[in-house]
Structure formats: structure tokens, C-alpha cells
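Everything below concerns the one structure shown next.
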Amino acid sequence: MANLEALRSPLEFLRSRLADISHPELLAAEQEWWKTEGVKISEVIDRSGTPWVRMFDRSGKRVDEILYPREYWTILKRGYRSGVVWRALEEKSLIPTYQWMYTISFYDPGVCCPYTVSLGTAVPLAKYGSAELQPRFLPQLLRKDDSVWQGATWMTEIEGGSDLGAAVKTAARRAGDAWLLTGEKYFTSNAGAELAVVAARPEGSPPGVRGLALFLVPRYRKDGGLNYFIRRLKDKIATRSVPTGEVELRDSEGYLLGAADAGIYLILEVLNLSRVANSVVSVALAQRAMLDALEYAECRSAFGKKILEHALLTKQFEERLNGLKAAFALAWEAVRLLNDVWMEKPPYSERYHLFRLVAHLAKYWTAEFAVDTAKWAMEVHGGLGTLAEFGVERWLREAMILAIWEGTSHRQILDGLEVIERKQAHKMLFKELAEIAPGKELKETESEVEGLLKLPTDEKEARAESVFRRLAMLTAEELSQRYPG
Ligand SMILES: Cc1cc2nc3c(=O)[nH]c(=O)nc-3n(C[C@H](O)[C@H](O)[C@H](O)COP(=O)(O)OP(=O)(O)OC[C@H]3O[C@@H](n4cnc5c(N)ncnc54)[C@H](O)[C@@H]3O)c2cc1C
């Protein structure tokens, strides 16, 4: 029987995989708090469902206030104080942020969404905000107490999130040194945030993704009035610890980040941060689902012994543990590479393109692994797994969202294919993998990728999934030798 002990704690699992844990005492305290208090709060929030919006105050003034369960703030503000966001910019490293996210999302995968989108607001502001904009807004996002501001990243509109070039209709027109934005954002996580980065189309810009720019949009206008309006909140299957809404922009004050004709690069940089976060969260969720399955299998008996002791289940735990280690290695490689390139601006280095490929592989594979593991963990519970009071069904609901937002698995495959074709990123990846473990399978996968690239477009896309899947699995397995514990 494989040693399954590291499954019992996110920090122990991190320790078993990584040579270096930043701030180990603080992370241990974080884990302890979640075990003793956070878990109960998170369960209540998940069960109580969507918060609601109070649109008008008693005098009839439009306020769009989100009414959260009070405990929501206890969970949320704790992570901000601990430094999930501020540490990245103060310590100039993303490693602590993603280690924190791993630890927290083992207990509540949804709550890492607000942290991720706040990071996705702070980083482009720090990189591309003007000398006037940065001191005006950045310190609030990096505060270390409960007065910290939150960020949000709003791109998707009603016509779709995959094809942003065609779907984003929000228009931006110049008004002095600011811009006025008008349009509707259909999926807006962390609605109510004090600041958002918003994809919009400046007047006169070309069609498609090249015509998109990224704007910073505060919740309140300069005159103190509401700058965006929350139409409603979505009633979602999971990530209930974050309000996702629909937002209307009506001549909303916005501030351009970077150059108007380079917006698509900034949008992709924001997505880089969130796709890597998604990968880390997916692995933590899979570990949590496995632990729930383990604790159940240790107690439940059938055919005269604990179900864990039956050969079929023993084998499944062993294989899934190896899968978890491989998924972690892939996710952490994406973290490591992003940490090298996150401050780059276009034109990017070769390493940046290698990162992009690894990030697509990681987002795709870890989310698929999380969904599969969550389903399996329910099965280990038998019929009880379908009952809300046993809690394990939550991981499947949460995992389904991880596979869709920040770009579906289809998008990861096709965007991964693009960076392979345009930047030859697979050659850099195969070179790296060969240094870890040269082998026959590596050569075979390489020629499969090269073979795919020679096909006509439709056939190439139709066949891309099986090649991408194999590449993701191989990369994950080989990399797990780099994070051996
Ligand atoms: C809970 C939640 C919160 C969200 N929060 C935010 C947020 O804060 N900000 C934000 O901007 N967005 C947010 N989103 C939106 C999310 O990013 C999109 O749902 C996602 O990108 C997919 O877009 P779509 O839902 O419009 O699907 P569509 O783009 O309409 O796609 C529908 C289906 O077609 C597939 N498809 C599309 N193109 C192709 C192709 N070329 N080849 C093959 N298949 C294709 C897709 O993969 C998908 O399966 C959120 C989504 C959810 C579920």
C-alpha cells in the first residue's frame, strides 16, 4: 500500500514535493485556522447559496450593495491580510502567493478566485499603470489590513468568452485624460470589487482581438457616484464563496493600461496569472477529494474488511496518488516559469512562450484531473457520496467550474496548439524534458506533435485533443521527477 499520509494536509503535501516552502510557520498557522474554523464557515457559505444584491438604499438611492453572509469577510480578509496578494509585489515573487493558494483551496477552492482576480488587477496596474494612476490606486490593493481593496477581471460578454475578439462590444470613448466605457459584462466574478480591469474596444480600433484594450475601472466615480452597476448575481453550482454577477457599464470612468493597441497582450498576461492559479487550485481540490475518499475508505467495511484494504481500491489509491504528484509537478512548473517571466512586456522572451505552453497544458490537465478525481471520490463513498451532508459532492461541483472558467479545456488545447505552431514552444519543452529523462516515449510524442502540425487546419483541430492529452500526461509524469519529495 502506498504511503497516503501526505494526503492529510495541504502543507505536508507541499513539503513532500517542494524543497523550499516560503514562510512555513505562517502557512502552518493558515492551515490550522482553516482546519479549526474556516472549514465550518466555508461549508455554511456553500450551503447558503448565492448572496443577493440590495440595489437601492432606504432613500431610494442606487447602491448595488452585495449582502454576504457576515462570515464571508472573516474568510476572505484573512487571506488578504496574510499576503496572498501583497506579498507578490512586495517580495517580487509569486511563489508565496501560489503556496498560500494551494493551502487555502484545499479547504475552499472558490475563495481563491477573489485573490486571483485581485492579483490580476494589481499586476497590470503595477506594470502598465501611468505615474498618476499607480499612486492613486495601487496602495489600496496592497494594504495589509481589512481596509484592503479588491480587484476583478472582466472580459466575457453575452456572446461568449472564448472568442473575445468577436464578442467584446463594450465601447470606450476618450474624455480628457480618462475614458468612458459603455457595455455589459456577462460573467463578473468579484462583482462589487473596488477596482476592475475591463476589456473594451476604443473608438476607431480595428475589429478582432487586436482592437481590444485594457482599462482600470473603479467602483465609484470621481464625484462619488456608482461607476458600474450590478444587474444581478448568478445562481451557480459552486464557487459560492465568490459573487459572480452581470455588470453594466454606462459611461463608466476608465483609465487605459498600457498602449491602446496592445490590450490583447495585457489581457493574456492577466489570464496567465489566473490560469496558473486555476492549476494550483485544481490540484489542491484533487488532494482534498482524495483525502475525503481515504477517510471514508478507512472506516467503511464491505465483504469482511475495510474497503480500503480491497485490492482494487488499494490499487486505485496508489495510481491516483501518482496522478496527483504528476498533476502537481505540471502545475508547479507553470508557477516556476511564470515566476521567471511575469514582469516581461512584449516583445517576449523564448522562455515566456515555453511558459505559455506549459500553462495551457497545466490548466487543461489539472482541471481534467480534478473533475475525474472528484467523481471518483464520490464513487468511493457509494450512494452516500451523492448526499450533500457528506460534502464530497461539492468537489465535483467546484471542479466543473475550474475546467470551464479562465478558458475551457477546448481553448487550452487550441491556444496550446497556437503557441506550438507559431513559437515552436514544443521544441523548448522537449529539450527541457530530455534533460530530465530522455526516452522512447518522449521521441514518439515529439513526432506525434510534428505530425499533427502537418495536417490541414480542420483535421489538425479535430485530432488535437488526443495529442495534447498525451503531451500533458507525459510532461506531468516526467516533471514529477523534478519535484520528488
Ligand atoms: C462561475 C464563473 C465565473 C466567471 N467569471 C468570469 C469573470 O470574472 N470574468 C470573465 O471575463 N469571465 C468570467 N467567466 C466566463 C468564463 O471565462 C467563460 O465562461 C469561458 O471563457 C467560456 O466562455 P463561454 O462560457 O462564453 O463559452 P463559449 O465561448 O460560448 O463556448 C461554448 C463552448 O464552445 C467551445 N468552443 C468555443 N470555441 C471553440 C473552438 N474554436 N473549437 C472548439 N470548441 C470551441 C467552448 O470551449 C465551449 O465548450 C466566468 C465563468 C464562470 C462559469
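Every read-out reported here was derived from the displayed coordinates using simple, explicitly stated rules and does not represent laboratory data. Keep in mind that what you see is a predicted model, and the values were worked out from it rather than measured. Cβ sites come from the backbone with ideal geometry, for glycine too, and all protein chains shown count toward neighbours.
A compact table of results
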{"read-out": "Candidate lysines for bridging to K169, where Cα separation is under 23 Å - those fewer than 8 sequence places away on the same chain excluded", "value": "K185, K234"}
{"read-out": "Neighbour count of at most 15 Cβ within 10 Å plus DSSP loop: longest GluC sites (Glu not before Pro)-free window in the chain", "value": "345-485"}
{"read-out": "Net charge over other residues, Cβ less than 9 angstrom from the Cβ of G211 (K, R count +1; D, E count -1)", "value": "+1"}
{"read-out": "Förster radius 41 Å - calculated FRET efficiency between D20 and E309, Cβ distance, rounded to 0.05", "value": "0.65"}
{"read-out": "Magnitude of the charge dipole, region 71-203, Cβ model with Lys/Arg +1 and Asp/Glu -1, debye to 20", "value": "280 debye"}
{"read-out": "Local net charge near M378, Cβ-Cβ under 12 Å (Lys/Arg +1, Asp/Glu -1)", "value": "-1"}
{"read-out": "Inter-label distance for K169 and A29, nm, one decimal - labels placed 7 Å from Cα along Cα-to-Cβ", "value": "5.1 nm"}
{"read-out": "Partners for K222 among aspartates and glutamates (Cα-Cα distance below 16 Å; same-chain residues under 8 apart left out)", "value": "E132, D177, E194, D251, E253"}
{"read-out": "At least 30 Å along the helix axis (C-alpha) and Kyte average at least 1.6, DSSP helices within the chain", "value": "none"}
{"read-out": "Dipole of the chain, positive direction: furthest Cα of C299, V281, L354, with charges on the beta-carbon", "value": "V281"}
{"read-out": "Contact order relative to length of region 386-485, as percent, for alpha carbon pairs under 8 angstrom and 6 or more apart", "value": "26 percent"}
{"read-out": "Region 346-484 - charge dipole about Cα centre, Lys and Arg +1 at Cβ, Asp and Glu -1, debye rounded to 20", "value": "320 debye"}
{"read-out": "Principal axes of the chain: Cα extent on each, largest first, Å", "value": "73, 56, 39"}
{"read-out": "Diffusion coefficient, µm² s⁻¹, Stokes-Einstein with Kirkwood Rh over alpha-carbon pairs of region 160-252 at 10 °C and 1.306 mPa s", "value": "114 µm²/s"}
{"read-out": "Under 14 Å from the Cα of K236 - aspartates and glutamates, other chains or at least 8 residues apart", "value": "D46, E246, E398"}
{"read-out": "Cα lying deepest toward the dipole's positive end in the chain, options I21, V217, N3, charges on Cβ", "value": "V217"}
{"read-out": "Neighbour net charge for Y364 - beta-carbon separation under 14 angstrom, K R +1, D E -1", "value": "-1"}
{"read-out": "Lys/Arg +1, Asp/Glu -1 at C-beta; the chain dipole; positive extreme among Y68, L119, F229", "value": "F229"}
{"read-out": "Cα convex hull of region 57-185 - mean projected area over all directions, nm²", "value": "10.9 nm²"}
{"read-out": "Trypsin sites (Lys or Arg not before Pro), loop per DSSP, at most 10 other Cβ atoms within 10 Å - longest free stretch of the chain", "value": "223-453"}
{"read-out": "Ranked list, fewest to most other Cβ atoms within 10 Å of each Cβ, for L11, L474", "value": "L11, L474"}
{"read-out": "Alpha carbon centroid spacing (whole Å) that separates region 7-69 from region 201-248", "value": "23 Å"}
{"read-out": "Difference of contour (0.36 nm per residue) and Cα-Cα distance, F56 to A434", "value": "129.9 nm"}
{"read-out": "Charge dipole magnitude, Cβ of K and R +1, D and E -1 - the chain, Cα centre, debye nearest 20", "value": "780 debye"}
